[in-house]
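Engineer: Quick one: structure below, then a few questions.
Here, each number is a calculation from the coordinates, and none is a lab measurement. Here the structure is a predicted model, which means the values were calculated and not measured. Cβ sites come from the backbone with ideal geometry, for glycine too, and all protein chains shown count toward neighbours.
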């Protein structure tokens with residue numbers, strides 16, 4: 001049944017209301033946020049849907065009156081996947097734009113550059129990246145994504161116990177702390193399970209020619225190979241590996257970066273049978289998720305992917321922190337409220353986002369495989 005515009009709009013409001021809770025009384029007329037993501041460059045595959053998800057959550061919060069009569073406004077920017085650009089934008093948002101809070105950027109590479117500046121300027125910054133260095137920079141920088149080792153543990157155990165992988169090679173973007181952390185987390189649990197790591201191959205997100213790497217992988221006695229890199233870069237690694245002689249029986253394993261349609265589009269038929277650990281699964285039947293899917297589809301004419309859900313979840317949690325900060329929130333009260341968030345409903349993972357005492361988030365994971373050109377839950 002196709003929803004009318006009115007029922008779609010009501011469903012969207014229900015999502016954000018379920019996520020954030022009761023309406024408080026707020027004294028300020030408007031609250032300004034700064035939103036930045038990688039809208040261009042190698043990480044735009046994630047940055048664009050993340051930014052879309054953030055804006056959808058903010059729109060729904062305003063429509064639902066989550067902050068009472070107070071409305072959220074925002075200024076947007078393109079971090080372009082660049083650490084220097086992120087540092088510049090953090091300074092601009094905090095000083096020239098005088099925002100209450102910064103949402104984004106997209107990657108650990110950018111966030112580890114911007115987090116120290118946010119803490120120096122004492123402006124709350126809530127980012128996507130998984131690196132612990134984001135938290136180590138100080139109390140004003142937080143992250144929505146779980147630590148790479150926690151996420152990757154789910155895939156490591158599945159590969160060793162369900163897929164019977166005994167020998168694996170690892171490919172990773174050596175320029176990005178988040179991808180290095182994902183590789184290291186995946187590696188450790190595999191080794192603990194008795195799996196042999198045949199090789200570790202560092203690449204760069206700017207690389208396009210992987211034929212030498214493909215030839216090396218084709219000559220190895222392995223059951224699987226793993227890639228931690230931007231989705232389109234990793235897709236090219238996979239595509240060229242198959243073209244270079246790596247047989248289909250050698251499984252392809254990857255982190256949540258690859259839970260994007262851009263991976264399947266770029267890799268084509270080579271993506272079939274790939275195993276991905278994801279923060280989110282669009283076909284999850286839960287009411288919260290299905291309302292989000294409908295609202296996102298209505299707003300952007302496409303299905304939400306892992307990154308759209310991540311951006312949506314991040315912005316919903318940010319609004320919750322602003323609400324918890326009470327009337328007339330300031331940067332310090334929002335920072336304290338952000339660090340106190342626990343057990344929040346979310347569209348991600350097992351539907352509950354929380355943090356431990358060290359502010360490391362957790363929310364479970366979904367194990368996906370590509371079948372018939374689409375992501376489905378792995379058996």
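Engineer: Diagonalise the Cα gyration tensor of the stretch 280-377 and give the resulting equivalent ellipsoid semi-axes, square root of 5 times each eigenvalue, largest first, whole Å.
Structural biologist: Working: eigenvalues 165, 52, 18 Å².
Sorted largest first and rounded, they come to 29, 16, 10 Å.
Engineer: Tell me, in nm to one decimal, what length is gained between residue 207 and residue 191 on full extension, where the rule is 0.36 nm per residue of separation less the Cα-Cα distance?
Structural biologist: Full extension of this stretch gives 2.9 nm more.
Engineer: On a full-extension model of 0.36 nm per residue, what is the gain between residue 157 and residue 290, subtracting their alpha-carbon distance, rounded to one decimal in nm? Mind showing how you got there, number by number?
Structural biologist: Values: separation 133, 0.36 × 133 = 47.88 nm, distance 2.87 nm.
Answer, rounded to one decimal: 45.0 nm.
Engineer: Report Rg (one decimal) and Dmax (nearest whole number) for the stretch 95-201, counting Cα atoms only, units Å.
Structural biologist: 16.8, 55
Engineer: For the stretch 146-256, state what percent of all Cα-Cα pairs lands in each successive 5 Å bin, counting from 0 Å until the bin that includes the largest distance.
Structural biologist: All Cα pairs, binned at 5 Å, distribute as 2, 14, 26, 25, 21, 10, 2, 0 percent.
Engineer: So for the chain: antiparallel DSSP bridges make up what percent, rounded to the nearest 5?
Structural biologist: Details: 12 of 45 bridges.
Among the beta bridges of the chain, antiparallel pairing accounts for roughly 25 percent.
Engineer: Based on the Cβ-Cβ distance of residue 220 and residue 40, what FRET efficiency does E = 1/(1 + (r/R0)^6) give at R0 = 45 Å, to the nearest 0.05? Working shown, then result.
Structural biologist: Values: r = 36 Å, r/R0 = 0.80.
Plugging the Cβ-Cβ distance into 1/(1 + (r/R0)^6) gives 0.80.
Engineer: Report the extension gain between residue 298 and residue 96 in nm, rounded to one decimal, defined as 0.36 nm multiplied by the number of residues separating them, less their alpha carbon distance. It would help to have the intermediate numbers written out before the result.
Structural biologist: Numbers: separation 202, 0.36 × 202 = 72.72 nm, distance 3.41 nm.
Length difference between fully extended and current span is 69.3 nm.
Engineer: Give the Debye-formula value of log10 I(q)/I(0) at each listed q (0.14 Å⁻¹), with one equal scatterer per alpha carbon of the stretch 133-172, two decimals each.
Structural biologist: Result of the Debye calculation: -0.49.
Engineer: Related question: I'd like the distance between the alpha-carbon centres of the stretch 120-154 and the stretch 241-293, rounded to an integer number of Å.
Structural biologist: Between the Cα centres of the stretch 120-154 and the stretch 241-293 lies a distance of 24 Å.
Engineer: Run through all the Cα pairs of the chain and give the fraction in each 10 Å bin from 0, expressed as whole percent.
Structural biologist: 5, 25, 33, 23, 11, 3, 0
Engineer: Give me the orientation-averaged projected area of the Cα convex hull of the stretch 219-279, in nm², one decimal. Write down the numbers at each step before the final one.
Structural biologist: Values: hull surface 14.8 nm².
The directionally averaged projection comes out at 3.7 nm².
Engineer: Label residue 336 and residue 198 with points 7 Å out from Cα along Cα→Cβ: what is the distance between them in nm?
Structural biologist: 5.6
Engineer: Among 296-305, 231-240, 248-257, 133-142, how do they line up from the highest to the lowest mean number of other beta-carbon atoms within 10 Å?
Structural biologist: Values: 296-305: 17.1, 231-240: 24.4, 248-257: 22.5, 133-142: 20.8.
Top of the packing list down: 231-240, 248-257, 133-142, 296-305.
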